[in-house]
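Read-outs: derived from the displayed coordinates by stated rules, not from any lab. Quick caveat, the model's predicted, so the values are computed rather than measured. Cβ placement follows ideal geometry from the backbone for every residue including glycine, while neighbour counts extend to all protein chains displayed.
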Amino acid sequence: MLQRFYPDEDVNSTYEIPFEEFYKKGIRGVIFDVDNTLVPHGAPADNRAKKLFSMLHQMGMETCLLSNNKEPRVSAFAQDAGSLKYIFKGKKPGIRGYQQAMKLMGTNASNTIFIGDQLFTDVFGAKRAGIHSILVKRIHPSEEIQIRLKRKLESVVLYFYHRRKKIRRMKQR
Ligand SMILES: [Mg+2]
């Protein structure tokens, strides 16, 4: 029952996927979710994303973005990232977006892979479309990481602060 949501593979990040190996195995097209798969939600294309697409295209790989987000977001990202094939309002997990993406790339379900961060939209849709799916961990915005780090540091400081308070109180008795 739950297996329909299982990805074929899962990795920490889009940026550690061995695309070269997939190419050698005959894969010719990669469909990407955008938000939290390539960049944090709503963020513009960064250097890492731009490099990834230029590397893939040099390799001879076709790419297509498939997002449930709106046109302005997806088209702006596509321009910035240099991945000019894209589908907005893709209605994942519906399979039409995946089929359209393959049509744009001139590939089929056997030589295409899909990469996304959500099980119930991204992965479920790819599986229904018969495409090899790779689940990546959601990219957090950097502020969040900084805040979490600060909290951790805070908790270390607070631990020693409270310990000293306790010791002082004991000495006063
Ligand atoms: Mg996403």
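Remarks
- Sparsely packed GluC sites (Glu not before Pro) within region 5-46, loop by DSSP, other Cβ within 10 Å at most 12: none
- Choice from K103, K150, K25 with maximal GNM fluctuation in the chain (Cα, 10 Å cutoff): K150
- Each part gets one Cα centre, and for region 91-139 versus region 1-61 those centres are 11 Å apart.
- Long-range amide H partners of I87 with built H, under 5 Å: L65, L66, S67
- Long pairs among K25/K70; K25/K103; K24/K91; K70/K91; K50/K85, criterion Cα-Cα beyond 22 Å: K25/K70; K24/K91
- Cα gyration tensor shape for region 1-82, rounded if a/c is under 1.5, else prolate or oblate: oblate
- Residue-averaged 222 nm ellipticity for the chain, from DSSP H runs of 4+ at -39500 (n - 2.57), nearest 500: -14000 deg cm²/dmol
- Dipole magnitude of the chain, debye to nearest 20 (Cβ charges: Lys/Arg +1, Asp/Glu -1, about Cα centre): 1580
- Here the relative contact order of the chain, from alpha carbon pairs under 8 Å that lie six or more residues apart, stands at 27 percent.
- Computed E for D8/R151 - FRET, C-beta separation, R0 45 angstrom, nearest 0.05: 0.80
- Equivalent ellipsoid of the chain: semi-axes from √(5λ) of the C-alpha gyration tensor, largest first, are 42, 18, 15 Å.
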